[in-house]
Amino acid sequence: MNEILRMEYLNQIREYKDKHRIKVITGIRRSGKSTLLSQFKDVLKNEFKINSSQIIDYDFNNKELAELTWKELLHQIEDKSVNNKINYVFLDEIQEIKDFEKCVITLFESKKFKYDLYITGSNSNMFSSNIATVFTGRSREIKLFPFSFKEYFQYVAKQLNWKDREMAFEKYVRFGGLPIIFEDLENEKVTKETLIDVRNDTLNKDIKKRHKIRNYNEFDKIVPYLFDHIGQRLEITNIVNFIHTNNNQNLSRKTINRFILWLEEAVLIYRAYFFSTTSKRTLLTAGKIYASDTGIRNTFSQFKNVNFGSLLENIVFIELKHRGYDVSIGKMYDGKEIDFVASKDNERMYIQVTNSLGTHQIQEREINNLLSIKDNREKIILVKNSDSYINENGIKIINLVDWLLNRNDI
């Protein structure tokens, strides 16, 4: 595929160039971390005229390199370093090196050479509790998401001549935005197989192997259940009952919570907590989960019986995260819910998501829930099948695809 420059991320990295911080790029497998590093190396050479001798590059997907000890890696980097100039060190999938953080911190604190450090890896390996402690005050994390719909549509319109945005959106909902699927996007069979491979690699390598799960059967029962209940209230009791009924096993709440945490660490899912619209406080109970990519989510249903409504909600959730919002579920005093409360700096929005406002009952439900919130914050209904307008109560009705495409940072 022809590479798409992911300018929002390149700009984030550029902002911290030569700053004494370890730039840590994290994200789900195959989200384009290595490509982003490669693109920034080109920026260094072409824009900043950095000499190639100052760029030290390691890709630990190479099995031979992955066998290095952290001390051997440190010595190799020092041997390649240039005196009296900044050395730009790129360590891709560094988590493959045991105790890699010792090497990174030694370089960071080096008095002998100057280093500007850029590393990639999965969240589960890069920011486990002990490593996060070691990196505290030294790092800047850049979270890499799969392609937004705007990035996706820019690519397919230019490279595949898919000018029909509705058709492109249907594909995006079904297959998600991982860059790797763009290698053969017109071949659905290959696309499905690719997504299944990414899912299996993440589950097997980033979770089962890393956490030494002994009973795969328990884990393999829970994961599809969770992805089948995306956007629904996370009830641990229901999962316990499901496992007992379908597998004749008793599984503790502690074990289930541990599995969910590992899925979060591997960036397969995100958790959203409830936000009280009356007390304006986040409630750290239950919450809901959303998939980091709808294509990965749909592998669990073999891309059949896709719940379009829940996937629209999932796409809006990820898009809000992508835009830098903290995202919660609005909970009102009478038990009703607002799909999302999005907060950033001093900004807060209340958002409902629906496929259509076709019936009076749907309109009344979506609008009345928003009207019951007694503050002057922005209130929006994102609708897949509707034009954009402002209703008589000042609520913005916005076409969902318009909203996804209306970004200035891409």
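Test Val173 against the stated conditions and say whether it is modelled with pLDDT of 95 or more and surrounded by 17 or more Cβ atoms within 10 Å (Cβ to Cβ). Yes, satisfied. Considering region 58-168, the qualifying strands (runs of 3 or more DSSP E), each wholly inside and each with 2 or more residues that are in contact with a Lys or Arg (Cβ under 9 Å, 6 or more places away or on another chain) and over 22 Å from Gly27 (Cβ atoms), run over 86-92. For region 349-371, name all the residues that are open to solvent by less than 50 Å² (accessible area, probe 1.4 Å) and of a type outside the set (Phe, Trp, Tyr). Across region 349-371, the qualifying residues are Met349, Ile351, Gln352, Val353, Thr354, Ser356, Leu357, Ile362, Glu366, Ile367, Asn369, Leu370. When you check Lys321 against the structure, is it under 23 Å from Ala266 (Cα atoms) and assigned to a strand (DSSP E or B), yes or no? For Lys321, the condition - under 23 Å from Ala266 (Cα atoms) and assigned to a strand (DSSP E or B) - is not met. Given the criteria in contact with an Asp or Glu (Cβ under 6 Å, 6 or more places away or on another chain) and open to solvent by less than 30 Å² (accessible area, probe 1.4 Å), does Gly295 qualify? Taking the combined requirement at face value, the residue does not satisfy it.
Residue pairs whose Cβ atoms lie under 7 Å apart, sitting 6 or more positions apart in sequence or on different chains, and linking a residue in region 305-330 that is within 20 Å of Leu370 (Cα to Cα) and of a type in the set (Val, Ile, Thr) to a partner that is open to solvent by 10 Å² or more (accessible area, probe 1.4 Å) and assigned to a helix (DSSP H, G or I), are Val327/Lys321.
Run down Ile196, Ile181 and say which single residue is part of a helix (DSSP H, G or I) and buried (at least 20 other Cβ atoms within 10 Å of the Cβ).
On the way: Ile196 fails: buried (at least 20 other Cβ atoms within 10 Å of the Cβ).
Only one candidate passes the filter, namely Ile181.
Kindly evaluate Lys254 against the criterion of being without any contact (Cβ under 8 Å) to a residue 12 or more places away in the chain, out of contact with any strand residue (DSSP E or B) (no Cβ under 6 Å at 6 or more places or on another chain), open to solvent by 20 Å² or more (accessible area, probe 1.4 Å) and part of a loop (DSSP other than H, G, I, E, B). So Lys254 fails the test.
If you check Thr282 against the conditions, is it among the β-branched types (Val, Ile, Thr) and in contact with a Ser or Thr (Cβ under 8 Å, 6 or more places away or on another chain)? Answer is yes for this residue. Quick one: is Lys379 free of Cβ contacts under 8 Å to residues at least 60 places away in the same chain, under 27 Å from the mean Cα position of the chain (by Cα) and open to solvent by 30 Å² or more (accessible area, probe 1.4 Å)? No, not satisfied.
Filter region 199-231 down to the residues that are among the basic types (Lys, Arg) and within 30 Å of Ile94 (Cβ to Cβ), then identify the one that is least open to solvent (accessible area, probe 1.4 Å). Once the filter is applied, the top-ranked residue is Lys208.
Taking each residue of region 343-355 that is touching a residue at least 40 places away in the same chain (Cβ under 8 Å) and looking for partners that are among the basic types (Lys, Arg) and open to solvent by 50 Å² or more (accessible area, probe 1.4 Å) with beta-carbon atoms closer than 8 Å, six or more apart or interchain, yields Tyr350/Arg377. Only a single item in (1) surrounded by fewer than 18 Cβ atoms within 10 Å (Cβ to Cβ); (2) more than 30 Å from Arg323 (Cβ to Cβ); (3) of a type in the set (A, V, I, L, M, F, W, C) is not met by Met7, and it is number (2).
When the criteria are applied in full, Val327 meets the requirement of being β-branched (Val, Ile, Thr), modelled with pLDDT of 95 or more and open to solvent by 10 Å² or more (accessible area, probe 1.4 Å).
All conditions but one from (1) at pLDDT 95 or above; (2) crowded, with 18+ Cβ neighbours inside 10 Å apply to Arg30; the one that does not is (1). Take the residues in region 348-369 that are within 16 Å of Trp403 (Cβ to Cβ) and outside any loop (DSSP other than H, G, I, E, B), then tell me which one is farthest from the chain's Cα centre (by Cα). My answer is Glu366.
Within this structure, Arg323 fails the test of being closer than 30 Å to Glu188 by Cα and in contact with a Gly (Cβ under 8 Å, 6 or more places away or on another chain). Hey, among the residues in region 389-410 that are outside any helix (DSSP H, G or I) and open to solvent by 60 Å² or more (accessible area, probe 1.4 Å), which one's modelled with the lowest pLDDT? Applying the filter and picking the extreme gives Asp409.
The values are calculated or read from the model by the stated rules, or taken from the named source; none is laboratory data. These numbers come from a predicted model, not from an experiment. For neighbour counting, all protein chains shown are included, and Cβ atoms are generated from backbone atoms with ideal geometry for every residue, glycine included. Accessible surface areas use protein heavy atoms only, side chains included; no ligands, DNA or RNA. Shrake-Rupley method; radii C 1.70, N 1.55, O 1.52, S 1.80 Å.
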